[in-house]
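A quick write-up on the structure given underneath.
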Amino acid sequence: MDLGIRGRKAIVCAGSKGLGKGCAMALAREGVEVTIVARGREALEATAAEIRAATGSTVHVVVADITKPEGRAAALAACPAPDILVNNAGGPPTGDFREFTRDMWIAAIDANMLAPIEMIKATVDGMIARGFGRIVNITSSAVKAPIDILGLSNGARSGLTGFVAGIARKTVVHNVTINNILPGLYETETMLGRVEAMARTNGVTFDDARAARLKTIPAGRFGKPEEFGALCAFVCSEHASYLTGQNFLTDGGAYPGTY
Ligand code: NAP
């Protein structure tokens, strides 16, 4: 299927690794010019080279912290009129809510709620004026099925989800959609780091901890960032103009509910 977005411009936040990289690659395969943002130059340059070689698309890199105003300004200076915006950043730490300080809460809200809201604020009116826009926020399956030790993530991402639910109904008339994609367990550096931490906490091997996580997934495997990217590219496609304000859960069947 031709997704109908060849020649469009995208900003992919936190795009040098994992899910963000999967989205950038999938969009570039559709002929989208992508600007990827991350803090570490080395991984960013390596990913840009890999995407250019695989797709032939133009890839720009911005070394910046997307959770900071100056980082967002740098991303927007590199791509001032994006047609597609993928909001993403690192997730907050896990822990017992009794130990979460105010500073930890502010950092989580900055990264996983306010940074995407600021990026939406900076880009949505241009999209409306041009009559096309696709905004995807990478959130988490924990928004739908909260996990106790992910309190910072549950809280901050639910705030973003509530905000998006309101404005996504205002922009769609202009062919500007805003949706969230909720990953379950995807095989990325962050997720494998969490399995490693789990192994240490429980005094088991990495392989045992990995097997325990896999048991919770009916698909019997972790997701692949390229699968996540393919879903993101469809949500960003010309064909998806009737989808807005939705929360797309992609978790290999782990969520056990009907709705
Ligand atoms: P990952 O593979 O570790 O990649 C994280 C990416 O984000 C890297 O490119 C990293 O580059 C970039 N990044 C982190 N903080 C940033 C910042 N402040 N500014 C700009 N770039 C930043 O992680 P992932 O698994 O794809 O996770 C992406 C998001 O999905 C996270 O919020 C995570 O909590 C959430 N999530 C993931 C899963 C999963 O199973 N993988 C499940 C649920 C939710 P630099 O470090 O160089 O900046």
So Arg102 clears everything in (1) out of contact with any helix residue (DSSP H, G or I) (no Cβ under 7 Å at 6 or more places or on another chain); (2) over 24 Å from Leu152 (Cβ atoms) except one condition, right? Which one?
(2)
Residues in segment 162-180: is at least one surrounded by 20 or more Cβ atoms within 10 Å (Cβ to Cβ), near the ligand (Cβ under 10 Å from one of its atoms) and among the hydroxyl-bearing types (Ser, Thr, Tyr)?
no
Of all residues in segment 77-110 being within 22 Å of Val235 (Cα to Cα) and not in a loop (DSSP other than H, G, I, E, B), the one that is farthest from the ligand (Cβ to nearest atom)
Ile84
Pro116 passes all but one of (1) farther than 30 Å from Arg210 by Cβ; (2) of a type outside the set (A, V, I, L, M); (3) over 13 Å from the mean Cα position of the chain (by Cα); (4) crowded, with 18+ Cβ neighbours inside 10 Å; which number fails?
(3)
Considering Ala48, Ala129, which residue is surrounded by fewer than 16 Cβ atoms within 10 Å (Cβ to Cβ), farther than 21 Å from Gly162 by Cβ and more than 11 Å from the ligand (Cβ to nearest atom)?
Ala129
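Since every read-out is calculated from the coordinates, none of them should be taken as a lab result. Predicted model only: the values in this text are computed from it and were never measured. Positions of Cβ are backbone-derived with ideal geometry, glycine not excepted, and every protein chain shown enters the neighbour counts.
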